[in-house]
Amino acid sequence: MLDAQGLRKSYGPVLALDAVDLTVEKGDLTAVLGPSGCGKTTLLRCVAGFERVDAGTVTLDGRAVAAAGTHVPPHRRHVTVVPQEGALFPHFSVRDNVGYGLDRSARRGGRVDEVLALVGLDGYADRMPHQLSGGQQQRVAVARALAPRPPLVLLDEPFSALDATLRTDLRRDIRAALRADGATAILVTHDQGEALSMADHIAVMRAGRIVQHGQSNQVYEDPADPWIAEFVGEAMLLPATIANATTVDTALGRLPLRGAAGAAGRVRVLLRPEQLSPTDGDLAEVTRHEYHGHDTLLGLRLADGTPLLARVMGQRTPPVGASIGLDVLGAVRAYGDA
Ligand SMILES: Nc1ncnc2c1ncn2[C@@H]1O[C@H](COP(=O)(O)OP(=O)(O)OP(=O)(O)O)[C@@H](O)[C@H]1O
(Lines give C-alpha, C1' and ligand atoms only; values in the text may rest on other atoms or scores of the structure.)
Protein backbone atom coordinates (compact mmCIF):
# COMPACT_ATOMS: atom_id res chain seq x y z
CA MET A 1 0.00 0.00 0.00
CA LEU A 2 2.90 2.32 0.82
CA ASP A 3 6.31 2.11 -0.75
CA ALA A 4 8.78 4.84 0.19
CA GLN A 5 12.27 4.58 -1.24
CA GLY A 6 15.39 6.61 -0.60
CA LEU A 7 13.63 9.50 1.13
CA ARG A 8 15.82 12.44 1.99
CA LYS A 9 14.79 15.61 3.73
CA SER A 10 16.95 18.36 5.20
CA TYR A 11 16.02 21.45 7.18
CA GLY A 12 19.00 23.72 6.55
CA PRO A 13 21.99 21.86 7.97
CA VAL A 14 19.81 19.24 9.74
CA LEU A 15 19.44 16.00 7.79
CA ALA A 16 16.06 14.82 9.14
CA LEU A 17 15.64 11.88 6.73
CA ASP A 18 18.67 10.11 5.32
CA ALA A 19 17.78 7.56 2.62
CA VAL A 20 14.70 6.15 4.33
CA ASP A 21 13.01 3.09 2.81
CA LEU A 22 9.67 1.98 4.21
CA THR A 23 7.08 -0.41 2.84
CA VAL A 24 3.74 -1.14 4.45
CA GLU A 25 1.50 -3.93 3.17
CA LYS A 26 -2.25 -3.53 2.83
CA GLY A 27 -4.02 -4.16 6.14
CA ASP A 28 -0.83 -3.87 8.17
CA LEU A 29 -0.16 -1.67 11.19
CA THR A 30 3.47 -0.57 11.20
CA ALA A 31 4.97 1.39 14.06
CA VAL A 32 7.76 3.84 13.34
CA LEU A 33 9.60 3.77 16.65
CA GLY A 34 12.49 6.02 17.56
CA PRO A 35 13.77 8.56 20.07
CA SER A 36 12.85 12.21 19.99
CA GLY A 37 14.30 14.07 17.03
CA CYS A 38 15.11 10.97 14.92
CA GLY A 39 12.83 12.08 12.06
CA LYS A 40 9.56 10.21 12.69
CA THR A 41 7.28 13.18 12.24
CA THR A 42 9.21 14.33 9.19
CA LEU A 43 8.69 10.90 7.64
CA LEU A 44 4.93 11.10 8.28
CA ARG A 45 4.77 14.59 6.87
CA CYS A 46 6.59 13.50 3.70
CA VAL A 47 4.24 10.53 3.28
CA ALA A 48 1.16 12.72 3.85
CA GLY A 49 2.47 15.40 1.48
CA PHE A 50 2.84 18.23 4.00
CA GLU A 51 6.56 18.30 3.19
CA ARG A 52 8.31 17.98 -0.13
CA VAL A 53 11.04 15.37 -0.16
CA ASP A 54 14.51 16.44 -1.35
CA ALA A 55 15.01 13.04 -2.98
CA GLY A 56 13.35 9.65 -3.14
CA THR A 57 9.90 8.40 -4.09
CA VAL A 58 6.63 7.76 -2.30
CA THR A 59 4.18 5.38 -3.94
CA LEU A 60 0.71 5.02 -2.45
CA ASP A 61 -1.54 2.22 -3.64
CA GLY A 62 0.50 1.95 -6.82
CA ARG A 63 0.49 5.67 -7.58
CA ALA A 64 3.64 7.83 -7.38
CA VAL A 65 2.76 10.77 -5.14
CA ALA A 66 6.30 12.04 -4.58
CA ALA A 67 9.18 11.66 -7.00
CA ALA A 68 11.58 13.86 -8.94
CA GLY A 69 9.34 16.60 -10.36
CA THR A 70 6.17 15.21 -8.72
CA HIS A 71 4.55 16.41 -5.54
CA VAL A 72 0.92 15.42 -5.14
CA PRO A 73 -0.61 17.73 -2.51
CA PRO A 74 -1.96 16.24 0.73
CA HIS A 75 -5.68 16.44 -0.14
CA ARG A 76 -5.10 14.43 -3.31
CA ARG A 77 -3.16 11.70 -1.51
CA HIS A 78 -6.28 10.86 0.53
CA VAL A 79 -4.12 9.86 3.49
CA THR A 80 -5.70 10.74 6.85
CA VAL A 81 -3.91 11.75 10.03
CA VAL A 82 -4.69 11.29 13.72
CA PRO A 83 -2.63 13.96 15.50
CA GLN A 84 -1.40 13.97 19.10
CA GLU A 85 -4.45 15.76 20.36
CA GLY A 86 -7.57 15.11 18.31
CA ALA A 87 -7.83 18.56 16.74
CA LEU A 88 -11.60 18.11 16.45
CA PHE A 89 -13.64 21.03 15.17
CA PRO A 90 -14.93 22.44 18.47
CA HIS A 91 -18.23 23.77 17.07
CA PHE A 92 -19.11 20.58 15.20
CA SER A 93 -20.88 17.62 16.80
CA VAL A 94 -19.16 14.25 16.87
CA ARG A 95 -21.27 13.22 13.86
CA ASP A 96 -20.22 16.28 11.86
CA ASN A 97 -16.58 15.89 12.83
CA VAL A 98 -16.54 12.26 11.69
CA GLY A 99 -18.57 12.97 8.57
CA TYR A 100 -16.51 16.02 7.57
CA GLY A 101 -14.50 14.33 4.84
CA LEU A 102 -17.35 12.18 3.52
CA ASP A 103 -19.54 12.79 0.54
CA ARG A 104 -23.28 12.96 1.09
CA SER A 105 -24.00 9.39 0.05
CA ALA A 106 -21.41 7.99 2.47
CA ARG A 107 -22.84 10.15 5.26
CA ARG A 108 -26.33 8.94 4.53
CA GLY A 109 -25.16 5.37 4.13
CA GLY A 110 -24.36 5.00 7.81
CA ARG A 111 -20.58 5.14 7.61
CA VAL A 112 -20.40 7.62 10.51
CA ASP A 113 -22.33 5.32 12.85
CA GLU A 114 -20.28 2.37 11.63
CA VAL A 115 -16.91 3.92 12.49
CA LEU A 116 -18.20 5.35 15.77
CA ALA A 117 -19.25 1.83 16.76
CA LEU A 118 -15.82 0.53 15.76
CA VAL A 119 -14.10 2.92 18.17
CA GLY A 120 -16.57 2.18 20.97
CA LEU A 121 -18.58 5.40 20.73
CA ASP A 122 -22.03 4.12 19.83
CA GLY A 123 -24.55 6.72 20.93
CA TYR A 124 -22.11 9.67 21.10
CA ALA A 125 -22.86 11.13 17.68
CA ASP A 126 -24.74 14.16 18.97
CA ARG A 127 -22.25 15.21 21.63
CA MET A 128 -19.98 18.18 21.21
CA PRO A 129 -16.20 17.71 21.58
CA HIS A 130 -16.10 19.57 24.92
CA GLN A 131 -18.53 17.00 26.31
CA LEU A 132 -16.00 14.20 25.73
CA SER A 133 -12.99 13.04 27.75
CA GLY A 134 -9.53 13.24 26.18
CA GLY A 135 -9.63 9.52 25.38
CA GLN A 136 -13.06 9.81 23.76
CA GLN A 137 -11.85 12.75 21.67
CA GLN A 138 -9.00 10.61 20.38
CA ARG A 139 -11.48 7.86 19.54
CA VAL A 140 -13.46 10.40 17.50
CA ALA A 141 -10.26 11.48 15.76
CA VAL A 142 -9.58 7.84 14.81
CA ALA A 143 -13.18 7.42 13.61
CA ARG A 144 -12.81 10.55 11.50
CA ALA A 145 -9.57 9.24 10.01
CA LEU A 146 -11.13 5.86 9.17
CA ALA A 147 -14.42 7.20 7.81
CA PRO A 148 -13.39 7.89 4.18
CA ARG A 149 -11.62 4.49 3.94
CA PRO A 150 -8.27 6.09 3.13
CA PRO A 151 -5.43 4.08 1.60
CA LEU A 152 -3.38 4.88 4.69
CA VAL A 153 -4.05 6.22 8.19
CA LEU A 154 -1.18 8.02 9.92
CA LEU A 155 -1.25 8.08 13.71
CA ASP A 156 1.20 10.61 15.14
CA GLU A 157 1.77 9.76 18.83
CA PRO A 158 -2.02 9.68 19.23
CA PHE A 159 -2.06 8.67 22.89
CA SER A 160 0.79 10.76 24.26
CA ALA A 161 -1.48 13.31 25.99
CA LEU A 162 -3.42 10.62 27.89
CA ASP A 163 -2.70 8.99 31.22
CA ALA A 164 -1.25 5.49 31.41
CA THR A 165 -4.37 3.49 32.32
CA LEU A 166 -6.42 5.13 29.61
CA ARG A 167 -3.67 4.56 27.08
CA THR A 168 -3.68 0.79 27.59
CA ASP A 169 -7.42 0.47 26.87
CA LEU A 170 -7.24 2.87 23.99
CA ARG A 171 -4.33 1.07 22.32
CA ARG A 172 -6.23 -2.19 22.47
CA ASP A 173 -9.47 -0.68 21.15
CA ILE A 174 -7.85 1.36 18.39
CA ARG A 175 -5.84 -1.61 17.22
CA ALA A 176 -9.06 -3.66 17.12
CA ALA A 177 -10.88 -0.87 15.24
CA LEU A 178 -8.12 -0.55 12.62
CA ARG A 179 -8.09 -4.28 12.15
CA ALA A 180 -11.88 -4.64 11.96
CA ASP A 181 -11.96 -1.92 9.29
CA GLY A 182 -9.12 -3.52 7.31
CA ALA A 183 -7.17 -0.24 7.52
CA THR A 184 -3.52 0.15 6.64
CA ALA A 185 -1.82 2.36 9.21
CA ILE A 186 1.45 3.81 10.41
CA LEU A 187 1.80 4.63 14.08
CA VAL A 188 4.58 7.02 15.05
CA THR A 189 5.71 6.61 18.63
CA HIS A 190 8.73 6.80 20.90
CA ASP A 191 7.04 4.36 23.29
CA GLN A 192 8.39 0.82 22.93
CA GLY A 193 5.44 -0.73 24.78
CA GLU A 194 3.01 1.00 22.48
CA ALA A 195 4.83 -0.18 19.36
CA LEU A 196 5.19 -3.76 20.60
CA SER A 197 1.60 -4.10 21.82
CA MET A 198 -0.08 -2.50 18.80
CA ALA A 199 1.96 -3.05 15.68
CA ASP A 200 2.38 -6.00 13.35
CA HIS A 201 5.68 -4.59 12.15
CA ILE A 202 8.11 -2.13 13.69
CA ALA A 203 10.49 0.14 11.81
CA VAL A 204 13.11 1.39 14.27
CA MET A 205 14.44 4.82 13.40
CA ARG A 206 17.66 6.44 14.56
CA ALA A 207 19.16 9.72 13.37
CA GLY A 208 17.15 9.93 10.16
CA ARG A 209 17.55 6.29 9.15
CA ILE A 210 15.51 3.14 9.56
CA VAL A 211 17.91 0.77 11.25
CA GLN A 212 15.66 -2.28 11.51
CA HIS A 213 12.28 -3.20 10.07
CA GLY A 214 10.62 -6.47 10.93
CA GLN A 215 7.82 -8.20 12.76
CA SER A 216 7.40 -6.77 16.24
CA ASN A 217 8.52 -9.93 18.04
CA GLN A 218 11.51 -10.25 15.72
CA VAL A 219 12.69 -6.73 16.53
CA TYR A 220 12.40 -7.48 20.26
CA GLU A 221 13.92 -10.96 20.18
CA ASP A 222 16.50 -10.45 17.48
CA PRO A 223 17.52 -6.79 17.40
CA ALA A 224 20.01 -5.92 14.67
CA ASP A 225 22.44 -4.10 16.99
CA PRO A 226 22.96 -3.41 20.72
CA TRP A 227 21.45 0.09 20.48
CA ILE A 228 18.19 -1.34 19.13
CA ALA A 229 18.30 -4.08 21.78
CA GLU A 230 18.44 -1.44 24.50
CA PHE A 231 15.92 0.85 22.84
CA VAL A 232 13.13 -1.72 22.44
CA GLY A 233 13.28 -3.19 25.96
CA GLU A 234 15.33 -3.99 29.05
CA ALA A 235 18.59 -5.36 27.70
CA MET A 236 21.71 -6.83 29.28
CA LEU A 237 24.78 -7.21 27.15
CA LEU A 238 27.00 -9.79 28.75
CA PRO A 239 30.65 -10.36 27.71
CA ALA A 240 31.07 -13.78 26.13
CA THR A 241 33.39 -15.95 24.06
CA ILE A 242 32.22 -17.91 21.05
CA ALA A 243 32.70 -21.61 21.92
CA ASN A 244 31.66 -23.09 18.57
CA ALA A 245 29.17 -22.47 15.76
CA THR A 246 26.14 -22.85 18.03
CA THR A 247 27.19 -21.96 21.58
CA VAL A 248 28.86 -19.22 23.56
CA ASP A 249 30.58 -19.20 26.99
CA THR A 250 29.42 -16.62 29.53
CA ALA A 251 29.53 -16.02 33.28
CA LEU A 252 26.19 -17.85 33.33
CA GLY A 253 27.68 -20.92 31.63
CA ARG A 254 27.52 -22.16 28.05
CA LEU A 255 24.47 -20.81 26.22
CA PRO A 256 22.93 -21.66 22.84
CA LEU A 257 23.31 -19.00 20.17
CA ARG A 258 20.43 -17.58 18.17
CA GLY A 259 21.49 -17.56 14.53
CA ALA A 260 25.03 -17.91 13.26
CA ALA A 261 28.05 -17.16 15.46
CA GLY A 262 29.44 -14.63 12.98
CA ALA A 263 32.87 -13.45 14.14
CA ALA A 264 34.90 -15.70 16.43
CA GLY A 265 36.37 -14.61 19.75
CA ARG A 266 35.01 -12.06 22.20
CA VAL A 267 31.43 -10.89 21.74
CA ARG A 268 28.56 -9.54 23.80
CA VAL A 269 25.32 -11.47 24.10
CA LEU A 270 21.85 -10.05 24.63
CA LEU A 271 19.79 -11.24 27.57
CA ARG A 272 16.32 -10.00 28.45
CA PRO A 273 15.30 -10.06 32.17
CA GLU A 274 12.52 -12.58 31.45
CA GLN A 275 15.13 -15.03 30.15
CA LEU A 276 16.67 -15.38 33.63
CA SER A 277 14.91 -17.72 36.01
CA PRO A 278 16.11 -18.07 39.65
CA THR A 279 17.07 -21.57 40.82
CA ASP A 280 18.92 -22.95 43.83
CA GLY A 281 22.60 -22.07 43.75
CA ASP A 282 25.08 -19.29 44.44
CA LEU A 283 25.80 -17.71 41.07
CA ALA A 284 24.33 -14.31 41.95
CA GLU A 285 23.22 -12.23 44.90
CA VAL A 286 19.87 -10.46 44.93
CA THR A 287 20.63 -6.76 45.45
CA ARG A 288 17.20 -5.15 45.06
CA HIS A 289 13.56 -5.58 44.14
CA GLU A 290 11.61 -3.41 41.74
CA TYR A 291 7.97 -4.31 42.23
CA HIS A 292 5.64 -3.96 39.24
CA GLY A 293 2.54 -5.71 40.55
CA HIS A 294 2.27 -8.37 37.85
CA ASP A 295 5.98 -9.13 38.21
CA THR A 296 9.12 -8.04 40.02
CA LEU A 297 12.46 -7.08 38.52
CA LEU A 298 15.27 -8.51 40.63
CA GLY A 299 18.54 -6.62 40.66
CA LEU A 300 21.34 -9.20 40.76
CA ARG A 301 25.12 -9.14 41.08
CA LEU A 302 27.41 -11.91 39.88
CA ALA A 303 30.55 -12.81 41.85
CA ASP A 304 32.68 -10.71 39.44
CA GLY A 305 30.44 -7.69 40.12
CA THR A 306 28.44 -7.86 36.84
CA PRO A 307 24.92 -6.44 37.43
CA LEU A 308 21.95 -8.33 35.94
CA LEU A 309 18.16 -8.13 36.00
CA ALA A 310 15.71 -11.02 36.24
CA ARG A 311 11.94 -10.68 35.84
CA VAL A 312 10.02 -13.02 38.12
CA MET A 313 6.41 -13.60 39.09
CA GLY A 314 5.42 -12.76 42.68
CA GLN A 315 5.27 -16.21 44.22
CA ARG A 316 8.88 -17.06 43.30
CA THR A 317 10.59 -13.85 44.41
CA PRO A 318 13.77 -14.57 46.40
CA PRO A 319 14.51 -11.94 49.07
CA VAL A 320 17.17 -9.23 48.86
CA GLY A 321 20.50 -10.66 50.05
CA ALA A 322 19.68 -14.22 48.92
CA SER A 323 22.16 -16.22 46.84
CA ILE A 324 20.57 -17.81 43.80
CA GLY A 325 21.44 -19.83 40.73
CA LEU A 326 20.13 -18.80 37.32
CA ASP A 327 18.63 -20.76 34.44
CA VAL A 328 18.82 -19.03 31.08
CA LEU A 329 15.73 -19.59 28.95
CA GLY A 330 16.07 -19.65 25.18
CA ALA A 331 18.97 -18.73 22.96
CA VAL A 332 21.03 -15.55 22.95
CA ARG A 333 21.98 -13.18 20.15
CA ALA A 334 25.71 -12.31 19.90
CA TYR A 335 27.14 -8.95 18.81
CA GLY A 336 30.69 -8.82 17.58
CA ASP A 337 31.66 -5.41 18.95
CA ALA A 338 32.79 -6.43 22.43
N1 LIG B 1 10.50 22.71 10.31
C2 LIG B 1 11.72 22.40 10.77
N3 LIG B 1 12.76 23.24 10.66
C4 LIG B 1 14.00 22.91 11.10
N5 LIG B 1 14.31 21.71 11.64
C6 LIG B 1 13.32 20.82 11.79
C7 LIG B 1 11.97 21.11 11.35
N8 LIG B 1 11.21 20.02 11.63
C9 LIG B 1 12.03 19.12 12.19
N10 LIG B 1 13.30 19.58 12.29
C11 LIG B 1 14.48 18.84 12.80
O12 LIG B 1 14.55 17.60 12.12
C13 LIG B 1 14.89 16.56 12.98
C14 LIG B 1 13.79 15.51 12.98
O15 LIG B 1 12.61 16.05 13.56
P16 LIG B 1 11.26 15.24 13.72
O17 LIG B 1 10.24 16.17 14.29
O18 LIG B 1 10.93 14.57 12.45
O19 LIG B 1 11.66 14.15 14.81
P20 LIG B 1 10.74 13.19 15.67
O21 LIG B 1 11.41 11.88 15.67
O22 LIG B 1 9.35 13.25 15.18
O23 LIG B 1 10.83 13.84 17.12
P24 LIG B 1 9.73 13.92 18.27
O25 LIG B 1 9.48 12.52 18.72
O26 LIG B 1 10.41 14.75 19.32
O27 LIG B 1 8.52 14.58 17.68
C28 LIG B 1 15.11 17.20 14.34
O29 LIG B 1 16.48 17.45 14.49
C30 LIG B 1 14.32 18.48 14.26
O31 LIG B 1 14.87 19.46 15.12
* Asked: Based on Cα positions only, what radius of gyration and what Dmax would you give for the stretch 228-315, in angstroms?
  -> 13.9, 42
* **Span from the the stretch 3-79 Cα centroid across to the the stretch 91-151 one, whole angstrom** => 27 Å
* Radius 11 Å from Cβ of V81, net charge of other residues (Lys, Arg +1; Asp, Glu -1) -> +2
* Report the calculated FRET efficiency for D21 and E234 (r = Cβ-Cβ distance, R0 = 30 Å), to the nearest 0.05. => 0.55
* Structure fact -> Packing-ranked peptide list from 191-197, 152-158, highest mean Cβ count within 10 angstrom first, is 152-158, 191-197
* **CD proxy at 222 nm, helix term only [per DSSP H run n ≥ 4: -39500 (n - 2.57); per residue of the chain; nearest 500]** => -6500 deg cm²/dmol
* For the stretch 125-178, the spread of Cα positions along each principal axis, largest first, Å -> 30, 26, 18
* Within the accessible area of the chain (1.4 Å probe), percent carbon and sulfur -> 49 percent
* **Relative contact order (percent, whole number), the stretch 264-304, Cα cutoff 8 Å, 6+ residue spacing** => 32 percent
* Of all GluC sites (Glu not before Pro) in the stretch 234-308, which ones are in loop regions per DSSP and have a Cβ with at most 16 other Cβ atoms within 10 Å? -> E234
* Asked: How do 119-127, 264-272, 139-147 rank on mean C-beta neighbours within 10 Å, highest first?
  -> 139-147, 264-272, 119-127
* To the nearest 0.05, what FRET efficiency results for A245 and A55 with a Förster distance of 30 Å applied to their C-beta separation? -> 0.10
* Asked: Solvent-accessible area per residue for the chain at a 1.4 Å probe radius, Å²?
  -> 46 Å²
* Given charges at beta-carbon only (K, R positive; D, E negative), |dipole| of the chain in Debye -> 1000 debye
* Structure fact -> The value for the stretch 100-210 (convex hull of the alpha-carbon atoms, volume per residue, Å³) is 119 Å³
* Asked: Going highest first, how would you order 167-180, 39-52 by mean Cβ packing within 10 Å?
  -> 39-52, 167-180
* **the stretch 101-207 - percent relative contact order, Cα under 8 Å, separation 6 or more** => 26 percent
* Structure fact -> Rounded to the nearest Å, the spacing of the alpha-carbon centers of the stretch 189-208 and the stretch 238-280 is 26 Å
* If you look at just the Cα atoms of the chain, how large are its Rg and its Dmax in Å? -> 23.6, 73
* Asked: For the stretch 1-126, how big is the tail of P(r) above 21 Å, as a whole percent of Cα pairs?
  -> 51 percent
* To do: Name all residues of the stretch 203-220 having a backbone nitrogen under 15 Å from the label point set 7 Å from the Cα of W227 along its Cα→Cβ direction, giving them as ranges.
  => 204-213
* Given a cut-off of under 8 Å on Cα pairs at least six residues apart, what relative contact order in percent is computed for the chain? -> 16 percent
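The values are calculated or read from the model by the stated rules, or taken from the named source; none is laboratory data. Predicted, not measured: the structure shown is a model, and the values here were computed from it. Cβ: placed from backbone, ideal geometry, glycine included. Neighbour counts: every protein chain shown. Just the protein is used for accessible areas: all its heavy atoms, side chains included, with ligands, DNA and RNA removed. Shrake-Rupley method; radii C 1.70, N 1.55, O 1.52, S 1.80 Å.
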